[in-house]
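Read through the structure below, which is laid out as structure tokens, and then see the notes.
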Amino acid sequence: MPNILVVEDSPTMRQLISFAIKRIPSCHVIEATDGVDALKKLSSEKIDLILADINMPVMDGLKLVSLVRGNPAYKDIPVIIVTTEGAEEDRKRALSIGANAYLPKPIQTQELLKLVNTYLAG
Amino acid sequence: MEKETGFVGKADEFLQMFKKGEEFTKELLRENEKLRYRIAQLEESLQRSGDEARVKLYEDRIGLLEEELKSLKERFRRVEEENKDFASKYLEVEEENNNLANLYVASYQLHSTLDFSEVLRIVLEIIINLIGAEKFAVLLIDDKTNELIPVTAEGMAVSDAPKVKIGQGRIGTVAKEGESFFSDDLSGAAEFNPHEPIVCIPLKIKEHVIGVLSIYKLLTQKSGFTNVDYELFNLLAGHAATAIFSSRLYTQSERKLTTIQSFLDLLKEKPRK
């Protein structure tokens, strides 16, 4: 059963993303409210995919991506950035840090599910 | 001599008979040859007619198979069309499901609390994340002054949002008439004018307007509105209004209750000697 970590400070978005992902059979969603919370969840659960927002309190999504990529235990976990930052330079920056995909909000559920399925399939 | 003549006569007779026999045999052989030829002809003709019958049979079968192929092709084409129909209906249903999920989440979140500031935060989240607005403000009607007062904003300071009299300007008109306003140009490229939003949605409880949502700019990646956006606007117009109104009443009543309770506690206190 793949575990998907949804890192998002907005409860509305967390619920929306979780709601969408739960439609993929056998997917389990773990929620985190910011980067630090996400690192805690990463150390206690086996995570197969991370969906992270950029703008979050305590630790933002970009910092989280760089920490994940720098840790040998997590470096291979795919990370999809889901953000309101839609500019091309933001996308390039996130991808250069190590994010696998970049999805600007407002999200299209079908697009999100397609990406999730792609990265879960390896 | 007579004996000799009789012997010769018999020999001739025998020779004649032998010749006749030879001719008869030859004739029989000729007849036999003819019959063999005839049999061969008949056999050949029989075979030919058999081949023709078989060819006819094959032709008939090919005809039937071609008919069947044609009908299968037609059925395949119809099934393909049905598949396309189902696929497009499936996509429509999927899209509808996704939209309903968005609306469900937005509505669930809006009614998840009775804390006024929490409700305002949820309204902001919905407008940013689900609608895709970058700069906007929420204004509520102050019944005492009959003015729209900004209570929260995103992408701009609350103080930058205007205070508007009901019926005054675009925002005031939306509040007065209760009808949403959508600008033809949603790019938000024009210079920022707090009185000229690109979208203005009245927040209504039934026909009673309690405030407006005033959007000035959409996110860069958001070029226009989809059906679900209009549904979200409708939802915000109703549910956000109810949530804001009830949470404000609840917060006010909580505050009043605390004041009254404190007052009662004060009265109950024994007078100091």
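Coordinate-derived values only; no laboratory data. This is a predicted model, so every value here is computed, not measured. Backbone-built Cβ (ideal geometry, glycine too); neighbour counts: all protein chains shown.
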Compute the distance in nm between two label points, each set 7 Å from the Cα along the Cα-to-Cβ direction, one at B:L42 and one at A:K114. 7.9
Residues in the stretch B:25-42 near a label at B:D51, defined as backbone nitrogen under 20 Å from the 7 Å Cα→Cβ point? B:37-42
Under a crude label model (7 Å from the Cα following the beta-carbon direction), how far is A:Y74 from B:T226 in nanometres? 3.1
How many nm is it between the label spots at B:K89 and B:E13, if each spot is 7 Å from the Cα in line with the beta carbon? 11.1
Leaving out same-chain residues fewer than 8 places away, which lysines sit with a Cα under 17 Å from that of B:K206? B:K176
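If packing is taken as the average number of other Cβ atoms within 10 Å across a peptide's residues, how do A:31-42, A:82-93 rank, most packed first?
Details: A:31-42: 19.6, A:82-93: 16.9.
The densest-packed peptide leads the list: A:31-42, A:82-93.
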At q = 0.10, 0.12, 0.13 Å⁻¹, the log10 of I(q)/I(0) for chain A from a Debye sum over equal Cα scatterers comes to -0.24, -0.36, -0.42
The set of residues whose placed amide H lies less than 5 Å from the amide H of B:K204, leaving out same-chain residues fewer than 5 positions away, is B:I210, B:G238, B:A241
Given an 8 Å cut-off on Cα distances and at least 6 residues of separation, report the relative contact order of the stretch A:3-121 as a percent. 23
With a cut-off of at most 16 other beta carbons within 10 Å, and DSSP calling the residue loop, which chymotrypsin sites (Phe, Trp or Tyr not before Pro) in the stretch B:93-161 qualify? Please list them. none
Longest segment of chain B with no GluC sites (Glu not before Pro) in a DSSP loop having at most 16 other Cβ atoms within 10 Å? B:1-178
Are there any trypsin sites (Lys or Arg not before Pro) in the stretch B:91-200 that are in a DSSP loop and have at most 11 other Cβ atoms within 10 Å? List them by number. B:K144
Counting only other chains, and only Cβ atoms inside 10 Å, what mean value do you get across the residues of A:84-95? 2
Give the calculated FRET efficiency between B:R77 and A:N3 to the nearest 0.05, with a Förster radius of 45 Å applied to their Cβ-Cβ distance. 0.50
When the distances between all Cα atoms of chain B are binned every 10 Å from zero, what whole-number percent does each bin get? 6, 17, 16, 9, 7, 6, 5, 4, 4, 4, 4, 4, 3, 3, 3, 3, 2, 1, 0, 0, 0
Could you give log10 I(q)/I(0) at q = 0.06, 0.12, 0.14 Å⁻¹ for the protein assembly as shown, computed by the Debye formula over C-alpha point scatterers of equal weight, without solvent? -0.44, -1.03, -1.22
Got a sec to turn the phi values of the stretch B:220-235 into Karplus ³J(HN,Hα) couplings, 6.51 cos²θ - 1.76 cosθ + 1.60 with θ = phi - 60°, whole Hz, x for Gly and Pro? 3, 7, 9, 9, x, 9, 9, 4, 5, 5, 5, 4, 5, 4, 4, 5
Per-residue mean of C-beta atoms belonging to partner chains within 10 Å, peptide B:107-116: 2
Using 1/(1 + (r/R0)^6) with R0 = 30 angstrom and r between the beta carbons of B:R255 and B:D160, what's the FRET efficiency to the nearest 0.05? 0.60
Helix-only CD estimate at 222 nm, as mean residue ellipticity for chain B, using -39500 (n - 2.57) per DSSP H run (n ≥ 4): -22000 deg cm²/dmol
If you count, for every residue in B:119-131, the Cβ atoms of partner chains within 10 Å of its Cβ, what is the mean? 4
Could you tell me the center-to-center distance, by alpha carbons, between the stretch B:34-83 and the stretch B:158-201 in angstrom? 80
Which lysines have a Cα less than 22 Å from the Cα of B:K20, not counting those fewer than 8 places away in the same chain? B:K10, B:K34
